[in-house]
């Protein structure tokens with residue numbers, strides 16, 4: 001149940017549902033639990049037929065960058081005593 | 001510009017995983033002891049086994065598998081109830097896929113009931129129950145709802161729509177359970193508190209439950225029990241990052257709630273979903289969990305305003321006390337005090353195609369994950 005993969009929105013329908021695509025398979029999902037507006041091209045996290053959140057690309061990229069920084073700090077921390 | 005797909009791919013970057021492996025091992029060495037982390041969610045158990053993270057960090061980090069698999073914690077008595085309801089020829093029983101294969105007291109499952117002619121249907125979305133009810137006015141459609149906070153808002157939407165449409169033949173059995181209550185119960189369990197048999201240093205917090213409830217509800221554990229909680233995504237790099245964040249907290253003697261899965265999880269969570277749940281559900285005083293026993297205020301029942309849609313009120317089912325298979329150690333596995341391979345039935349009598357215990361049924365169950373990834377099941 002928990003291994004949801006983000007799915008891309010290909011169509012928004014009038015009844016508060018959207019058509020999403022993941023690995024080439026299209027599905028209709030409910031948007032009743034979405035807090036923000038959904039657009040074609042968004043990536044949604046789907047759970048048992050409902051979108052529960054939108055992927056924040058900015059956040060995802062930022063956290064990857066942040067972790068690279070942390071790793072760098074860690075490396076420096078361990079290199080210092082040897083210098 | 002990077003697409004979301006690229007973002008997901010970058011969470012599988014082998015080079016970065018190796019960097020994290022080294023950073024984690026160094027940090028654990030500086031602590032001078034093996035770190036023991038409980039991953040609450042079955043999705044994490046599955047990912048840890050699938051990518052071999054437990055083997056990668058062997059001797060440095062021990063993963064203790066938690067009870068966060070909805071099918072695994074469903075007590076046998078509730079399975080018996082579903083079976084009894086489904087045997088009624090007036091009833092169409094609907095539920096999510098994994099529930100169909102969970103054995104009840106007589107080693108029978110809903111699949112057996114279906115083979116005997118019972119109308120049991122597997123739903124992808126619980127909203128499908130609305131259509132089934134409308135198409136079958138002479139039948140009683142019962143949705144047997146299970147799951148943690150990730151599936152509860154959907155059931156709330158179903159109940160509200162049933163009421164809006166004035167459906168007279170659709171009801172719900174709520175087996176929805178609450179994550180923070182279970183974590184607190186584990187932290188209070190005698191095995192952990194007194195004997196030190198299961199020392200837990202920190203938790204990997206569930207990713208998708210937290211999309212709904214936010215990271216806020218875990219702040220209490222971090223403060224009260226001085227255990228770091230890091231809410232993680234499900235890709236291998238997500239888990240490595242989360243383990244590193246935990247080890248770093250331990251090294252710095254901190255116990256805080258941190259979110260690694262920031263691309264989906266906020267502190268407040270999905271407030272709209274929380275409000276829908278509060279509209280329809282209220283806390284039960286107590287609920288029995290398989291493995292954990294009776295846990296106070298750990299599950300949700302349907303509010304009085306929606307009483308006519310509550311199958312437990314409409315269909316009174318009285319059953320003999322449930323029977324467990326005497327050799328099955330699922331309850332111990334769920335509590336994290338035993339690993340699946342310690343069970344006599346594991347891999348011989350009990351397999352994913354013929355599960356004896358619930359932990360072998362769902363792919364999120366620890367036994368199923370061990371069987372698939374550690375038993376030559378590739």
Can you tell me, using C-alpha contacts under 8 Å and at least 6 residues apart, the relative contact order of chain B as a whole percent? 22 percent
Please report, in cubic angstrom per residue, the volume enclosed by the convex hull of the alpha-carbon atoms of the stretch B:35-371. 132 Å³
Taking a crude spin-label model, label points 7 Å out from Cα along the C-beta direction, the residue B:219 to residue B:116 distance in nm is 5.1 nm
With r defined as the distance between the Cβ atoms of residue B:18 and residue B:354 and R0 fixed at 51 Å, what FRET efficiency is calculated, to the nearest 0.05? 0.85
What ranking of B:203, B:315 emerges when the number of other C-beta atoms within 10 Å of each C-beta is taken as an exposure proxy, fewest first? B:315, B:203
Gain upon complete extension [residue B:134, residue B:294; 0.36 nm per residue less C-alpha separation]: 53.9 nm
Could you calculate, for the stretch B:1-119, the ratio of the Cα radius of gyration to the Kirkwood radius, expressed as Rg to Rh? 1.20
List the pair-distance distribution P(r) of the stretch A:21-65, using every Cα-Cα distance, as the percent of pairs falling in each 10 Å bin from 0 up to the bin containing the longest distance, rounded to whole percents. 24, 51, 23, 2
Could you calculate the FRET efficiency of residue B:106 with residue A:76 from 1/(1 + (r/R0)^6), where r is the beta carbon distance between them and R0 is 56 Å, rounded to 0.05? 0.35
Proxy reagent accessibility, fewest Cβ within 10 Å first, across B:219, B:15, B:21, A:73: B:15, A:73, B:219, B:21
Multiply the residue separation of residue B:34 and residue B:268 by 0.36 nm, subtract the distance between their alpha-carbon atoms, and state the gained length in nm to one decimal. 80.9 nm
Over the Cα atoms of the protein assembly as shown, what radius of gyration and what Dmax do you get, in Å? 22.2, 81
Quick one: A:34, B:160, B:360, fewest Cβ neighbours within 10 Å first, how do they rank? B:160, A:34, B:360
Estimated inter-spin distance, residue A:11 and residue A:28, nm [label 7 Å along Cα→Cβ]: 1.0 nm
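Readers should treat all values here as calculations from the given coordinates under stated rules, not as data from a laboratory. Please read these numbers as outputs of a predicted model, since none were measured by experiment. Cβ sites come from the backbone with ideal geometry, for glycine too, and all protein chains shown count toward neighbours.
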